Amino acid sequence: MARGDQIPFVLASSSPARLRILRNAGIYPEVVVSGVDETTDDGLATATIVAVLAERKASAVASGRPDALVLGCDSLLDFDQVAWGKPASPEQAAELWRRMSGREGTLLTGHCLIQSGTGRVARGVGRTVVRFGTPADDEIAAYVAAGEPTAMAGAFSLEGLGAPFIDGIDGDPSNVIGLSLPLLRRMLGELGLSITDLWRGSMGPVGPIGGSPNVISDS
């Protein structure tokens, strides 16, 4: 595909972190927030939940954009066989951090890529093991008071204020932030596209690199 003939690429997410990941990789999507209901049936595995929600978001946006390539994502932390999204309160964030201290969890991000013009769909779930550090109680309290954990799936970030409390990961770091670039590349390949087909210059329809905050605003 010649770059001048690009079909519109749409990110079906309000997440500034996902947008920043794409922009830093030379991809400047249009952002359309799906606004879908994010409740799911009880008892579903975490991987199933993120896959269902990613497809729900992508499908909702693709239905109104028959000309576009639409990507939907959803992230949750699988810890103690429970799917954790953004904490409901600072107290829940602090309690979760006390439980996670010195242990491991798996951050899962569902991806759904819809080529609206053809109806073709590529799906995938990224998995990255996260090894949590052992912050002291006063560090947990300060982190929660800063407000970052309540905006993050699993009450943590790999960047920003949360970075010192993550000892390491096994897997793709971009997946933890909210969108796996290696998985996106493979999914594009399933649709007969290359990730280089989406590259643009230093500016795009959403503005210059660095214009969005480093915070995930949806799951």
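Structure notes:
- Residue under evaluation Leu158, criteria (1) more than 18 Å from Ser13 (Cα to Cα); (2) at pLDDT 95 or above; (3) surrounded by 19 or more Cβ atoms within 10 Å (Cβ to Cβ), criterion not met: (2)
- Among the residues of the stretch 119-155, those identified as open to solvent by 10 Å² or more (accessible area, probe 1.4 Å), free of Cβ contacts under 8 Å to residues at least 60 places away in the same chain, part of a loop (DSSP other than H, G, I, E, B) and on the phi < 0 side of the Ramachandran plot are Thr134, Pro135, Ala136.
- Total residues in the stretch 21-55, condition without any contact (Cβ under 8 Å) to a residue 40 or more places away in the chain and in a helix (DSSP H, G or I): 1
- The single condition among (1) open to solvent by less than 20 Å² (accessible area, probe 1.4 Å); (2) out of contact with any helix residue (DSSP H, G or I) (no Cβ under 6 Å at 6 or more places or on another chain); (3) outside any helix (DSSP H, G or I) that Leu108 does not satisfy is (2).
- Complete set of residues in the stretch 29-43 that are farther than 19 Å from Gly117 by Cβ and at pLDDT 95 or above: Val31
- Failed item in (1) at pLDDT 95 or above; (2) exposed (fewer than 12 other Cβ atoms within 10 Å of the Cβ); (3) not polar (S, T, N, Q), with Pro173 passing the rest: (2)
- Scanning the stretch 56-80 for residues that are β-branched (Val, Ile, Thr) and part of a strand (DSSP E or B) yields one hit, Val70.
- Selection of first residues in the stretch 185-213 that are hydroxyl-bearing (Ser, Thr, Tyr) and of second residues that are at pLDDT 90 or above and surrounded by 13 or more Cβ atoms within 10 Å (Cβ to Cβ), restricted to Cβ pairs under 7 Å at least 6 apart or on distinct chains, gives the following pairs, ordered by first then second residue: Ser194/Leu188; Ser212/Pro16; Ser212/Leu19; Ser212/Arg20.
- Residue in the stretch 57-68 that is over 21 Å from Leu198 (Cβ atoms), loosely packed, with under 15 Cβ neighbours inside 10 Å and either at pLDDT 95 or above or not aromatic (Phe, Trp, Tyr) (or both) present: yes
- Search result, residues across the stretch 26-42 that are surrounded by 18 or more Cβ atoms within 10 Å (Cβ to Cβ) and over 17 Å from Gln6 (Cβ atoms): Ser34
- Note on the stretch 156-181: residues that are touching a Gly at 6+ places or on another chain (Cβ under 7 Å) and in a loop (DSSP other than H, G, I, E, B) total 3.
- Residue selected from the stretch 183-200 under the condition open to solvent by 50 Å² or more (accessible area, probe 1.4 Å) and within 17 Å of the chain's Cα centre (by Cα), by the criterion nearest to Val10 (Cα to Cα): Arg185
- Filtering the stretch 85-100 to residues that are open to solvent by less than 40 Å² (accessible area, probe 1.4 Å) and either more than 20 Å from the chain's Cα centre (by Cα) or of a type outside the set (Gly, Ala, Ser) (or both) leaves Pro87, Ser89, Ala94, Leu96, Trp97, Met100.
- Assessment of the stretch 72-79 against the conditions (open to solvent by 10 Å² or more (accessible area, probe 1.4 Å), under 30 Å from Asp137 (Cα atoms) and within 15 Å of the chain's Cα centre (by Cα)) yields at least one matching residue.
The values are calculated or read from the model by the stated rules, or taken from the named source; none is laboratory data. Quantities reported herein were computed from a predicted structural model and do not represent experimental measurements. Using ideal geometry, Cβ is built from the backbone for each residue, glycine included, and neighbour counts are taken over all protein chains shown. Note: accessible area is taken over every heavy atom of the protein model, side chains too, but ligands, DNA and RNA are not part of it. Shrake-Rupley method; radii C 1.70, N 1.55, O 1.52, S 1.80 Å.
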